[in-house]
Ligand code: ATP
Ligand code: MG
């Protein structure tokens with residue numbers, strides 16, 4: 001939880017994701033956004049059942065949760081929340097944000113961190129207006145990609161360029177299935193956890 005530092009409101013980053021597995025792209029994005037927006041903490045929130053990924057078989061929630069804990073354990077400003085794992089049914093961002101606001105209190109400023117492509121879909125999300133009432137949205141993009149304002153509400157959305165990390169969880173899974181290394185794409189503990197649990201050996 002946030003260490004109260006007396007002055008001003010606390011600033012909290014919320015990084016939702018399937019984290020199947022968590023990789024250095026996620027960690028660098030969280031670190032960059034935390035630096036840029038002077039966040040006190042970033043909470044990683046592994047999704048329960050992501051409604052966008054209904055067709056793909058997602059790894060067990062506990063495996064994704066533990067990998068997220070392992071990857072973030074060494075950073076005192078990173079934490080992991082179970083809100084989406086403990087809520088039954090598919091995960092919607094509005095529920096995540098409502099739960100986080102309830103836990104951290106209404107005076108906490110929330111920055112929801114997401115990929116720029118996911119951000120472009122925000123307007124199609126359920127309860128878009130309430131989302132913008134609860135949180136500021138930060139869309140991460142890679143160098144070379146054009147930063148395009150997808151016509152989102154003024155002052156409620158920022159785009160930030162993350163150092164070149166063309167890493168995705170899909171590619172990590174495909175590499176494991178093909179017997180290729182994922183060292184240095186993910187933290188060492190994640191390579192070891194994937195091996196220990198035998199994750200991703202079957203092509204998805
Ligand atoms: P998949 O390949 O299965 O879609 P992913 O790598 O996109 O997985 P998610 O768990 O879906 O990982 O991503 C969580 C959030 O992190 C998303 O908002 C996504 O856009 C963002 N993200 C993923 N990879 C990167 C990266 N390399 N740099 C910055 N942000 C990223
Ligand atoms: Mg993705």
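The values are calculated or read from the model by the stated rules, or taken from the named source; none is laboratory data. Predicted, not measured: the structure shown is a model, and the values here were computed from it. Cβ atoms come from the backbone with ideal geometry, glycine included; neighbour counts cover every protein chain shown.
Can you name the residue in the stretch 98-130 that is within 14 Å of ligand 1 (Cβ to nearest atom) and part of a helix (DSSP H, G or I) and is also modelled with the lowest pLDDT among such residues?
Only one residue fits best here, namely 122.
If residue 35 satisfies every condition in (1) surrounded by fewer than 19 Cβ atoms within 10 Å (Cβ to Cβ); (2) modelled with pLDDT under 95 but one, which is the exception?
Going through (1) surrounded by fewer than 19 Cβ atoms within 10 Å (Cβ to Cβ); (2) modelled with pLDDT under 95 one by one, residue 35 breaks only (2).
Is there any pair linking a residue in the stretch 17-42 that is touching a residue at least 12 places away in the same chain (Cβ under 8 Å) to one that is assigned to a helix (DSSP H, G or I) and away from ligand 2 (no atom under 16 Å from the Cβ), with Cβ under 6 Å and at least six apart or on different chains, and which?
These pairs meet every condition: 21/190; 22/71; 42/34.
For the stretch 51-64, which residues satisfy the criterion of being in contact (Cβ under 8 Å) with a residue 40 or more places away in the chain and part of a helix (DSSP H, G or I)?
Selection gives 51, 63, 64.
Based on what the data block shows, is residue 45 closer than 26 Å to residue 174 by Cα and either more than 16 Å from ligand 2 (Cβ to nearest atom) or buried (at least 22 other Cβ atoms within 10 Å of the Cβ) (or both)?
Judged against the criteria, residue 45 is a match.
Give the residue, chosen from 47, 91, that is more than 11 Å from ligand 1 (Cβ to nearest atom) and at pLDDT below 95.
The conditions single out 91.
Among the residues of the stretch 68-97, write down those that are part of a helix (DSSP H, G or I), in contact (Cβ under 8 Å) with a residue 60 or more places away in the chain and more than 18 Å from residue 25 (Cβ to Cβ).
Across the stretch 68-97, the qualifying residues are 84, 93, 96, 97.
For the stretch 162-185, which residues satisfy the criterion of being more than 10 Å from ligand 1 (Cβ to nearest atom) and either closer than 17 Å to residue 67 by Cα or touching a helix residue (DSSP H, G or I) at 6+ places or on another chain (Cβ under 9 Å) (or both)?
Listed by number, the residues that qualify are 176, 180, 181, 182, 183, 184.
If we scan the stretch 6-24, do we find a residue that is modelled with pLDDT of 95 or more, out of contact with any strand residue (DSSP E or B) (no Cβ under 6 Å at 6 or more places or on another chain) and in a helix (DSSP H, G or I)?
Yes, there is a match, as at least one residue in the stretch 6-24 is modelled with pLDDT of 95 or more, out of contact with any strand residue (DSSP E or B) (no Cβ under 6 Å at 6 or more places or on another chain) and in a helix (DSSP H, G or I).
Please determine whether any residue of the stretch 121-132 is buried (at least 19 other Cβ atoms within 10 Å of the Cβ) and within 16 Å of ligand 2 (Cβ to nearest atom).
Yes, because at least one residue in the stretch 121-132 is buried (at least 19 other Cβ atoms within 10 Å of the Cβ) and within 16 Å of ligand 2 (Cβ to nearest atom).
Take residue 33 and tell me if it is assigned to a strand (DSSP E or B) and closer than 25 Å to residue 109 by Cα.
no
When you scan the stretch 156-168, do you find a residue that is modelled with pLDDT under 95 and over 20 Å from residue 17 (Cα atoms), even just one?
Within the stretch 156-168, one or more residues are modelled with pLDDT under 95 and over 20 Å from residue 17 (Cα atoms).
Looking at the stretch 10-27, which of the residues that are closer than 14 Å to residue 77 by Cβ and surrounded by fewer than 23 Cβ atoms within 10 Å (Cβ to Cβ) is farthest from ligand 1 (Cβ to nearest atom)?
So, considering only residues that are closer than 14 Å to residue 77 by Cβ and surrounded by fewer than 23 Cβ atoms within 10 Å (Cβ to Cβ), the one farthest from ligand 1 (Cβ to nearest atom) is 10.
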